[in-house]
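To start, the structure itself, in structure tokens.
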Amino acid sequence: MTRDDWWTTTGPVELFDRPGGWHFVRVPDDATDALASLADRGLIAVDLELGESAWKASLLPYGDGSHFIALNAKVRGRNDLDVGDVVTVRFRPR
């Protein structure tokens, strides 16, 4: 795996069950495991692509050893996404 290799995750858009909770999609465990050495305080800097959107962010630790990708309002709006919609996100480490 190099920094030029892309990973893909497909799953439903979820919402944290807290007030103001983030919309997110989970990252596969194999990606979390493979990219663990790149983590800084649990964050893994990545380039992301979803539909017509491309942005830079981090894979965020979920708290159980896995990671997730936060989907901000701009990305959700541009791609007409809501909770439960199934999305495919491509990402690669920076």
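Just so you know, all these numbers are worked out from the coordinates, no wet-lab data involved. No experiment lies behind these values; they were computed from the predicted model shown. Here the Cβ is made from the backbone with ideal geometry for all residues, glycine too, and neighbour counts use every protein chain on show.
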Determine the distance separating the Cα centre of the stretch 33-74 from the Cα centre of the stretch 10-31; give it in Å without decimals. 11 Å
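Under the rule of -39500 (n - 2.57) per DSSP H run of 4 or more residues, summed and divided by the residues of the chain, what mean residue ellipticity at 222 nm is obtained, to the nearest 500 deg cm²/dmol?
-3500 deg cm²/dmol
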Rg (Å, one decimal) plus Dmax (Å, integer) for the alpha carbons of the stretch 40-94? 11.6, 32
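Of all trypsin sites (Lys or Arg not before Pro) in the stretch 1-80, which ones are in loop regions per DSSP and have a Cβ with at most 15 other Cβ atoms within 10 Å?
On the way: sites: 3, 26, 41, 56, 74, 76, 78; in loops: 3, 41.
In loop regions of the stretch 1-80 (DSSP not H, G, I, E or B), the sparsely surrounded trypsin sites (Lys or Arg not before Pro) are 3, 41.
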Would you order 32, 10 from fewest to most other beta-carbon atoms within 10 Å of each residue's own beta-carbon? 10, 32
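How large is the dipole of the chain about the Cα centre if only Lys and Arg carry +1 and Asp and Glu carry -1, each at its Cβ, rounded to the nearest 20 debye?
Details: 11 positive and 15 negative charges, 77 e Å.
Result for the chain is approximately 380 debye, rounded to the nearest 20.
Provide the percentage of antiparallel DSSP beta bridges, counting only those with both residues in the stretch 7-93; round to the nearest 5. Provide the component values of the computation, followed by the final result.
On the way: 25 of 25 bridges.
Taking every DSSP beta bridge with both residues in the stretch 7-93, the antiparallel ones total about 100 percent.
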Please list, in order along the stretch 46-61, the HN-Hα scalar couplings obtained from phi with the Karplus expression 6.51 cos²θ - 1.76 cosθ + 1.60 (θ = phi - 60°), rounded to whole Hz, x for Gly and Pro. 9, 8, 10, 9, 8, x, 8, 9, 9, 7, 10, 7, 10, 6, 9, x
